[in-house]
Amino acid sequence: KKIDGGASEQKRQQEADAKFLRDYRAARQLILAGNYEAGIAAMHALGRDEHPDVANYIGYSYRRMGNYEQSKVWYEKALASDPNHVRTWSYYGMWQMEQGNRLKALDDLKKVQLICGNTACEEYRELKAVIDGKASY
């Protein structure tokens, strides 16, 4: 009798997705609190390095630790997975500014604007503030 075979598979998938989201948020909190190495380890532990949000925050952590080579690798991995990942474009623009590449950062700002459809989204405002020298993230 295999009456609910599909339903139980769907339930398992929903539970796996919920666990991923819980663990991802916990890893992200470590990173946002400045615990970059622990956050990177927690992101890797999710087993979804190719997920654009995961790769983006690993890249962010490496950038905040000053490891620009690894940061670039992970930002590019996030964008390979999702070429319109707005948070990655914003952070990559900040990476460009930290490398002294203002023109490239302005290109990334334009991409963020196109993806958002406006200049009001958080990712645009944050990158613009960095380019204008008013903030750092």
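Here are the numbers for this structure:
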quantity	calculated
From 10, 29, residue being surrounded by fewer than 14 Cβ atoms within 10 Å (Cβ to Cβ) and at pLDDT 95 or above	29
Pairs, first touching a residue at least 40 places away in the same chain (Cβ under 8 Å) in the stretch 17-44, second open to solvent by 50 Å² or more (accessible area, probe 1.4 Å), C-beta under 6 Å, six or more apart	none
Condition met for residue 54 (in contact with an Asp or Glu (Cβ under 9 Å, 6 or more places away or on another chain) and open to solvent by less than 70 Å² (accessible area, probe 1.4 Å))	no
Residue in the stretch 62-81 that is within 25 Å of residue 16 (Cβ to Cβ) and either open to solvent by less than 50 Å² (accessible area, probe 1.4 Å) or in contact with a Cys (Cβ under 8 Å, 6 or more places away or on another chain) (or both) present	yes
Close pairs from the stretch 83-100: first closer than 11 Å to residue 127 by Cα, partner open to solvent by 50 Å² or more (accessible area, probe 1.4 Å) and part of a loop (DSSP other than H, G, I, E, B), Cβ under 7 Å, at least 6 apart	94/137
Qualifying residue in the stretch 110-122 (condition: small (Gly, Ala, Ser), at pLDDT 95 or above and under 16 Å from residue 83 (Cα atoms))	yes
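The values are calculated or read from the model by the stated rules, or taken from the named source; none is laboratory data. All values derive from a computational prediction rather than experimental measurement. All Cβ positions, even for glycine, are placed from backbone atoms using ideal geometry, and neighbour counts span all protein chains on display. With ligands, DNA and RNA removed, areas are computed over all heavy atoms of the protein, side chains included. Shrake-Rupley method; radii C 1.70, N 1.55, O 1.52, S 1.80 Å.
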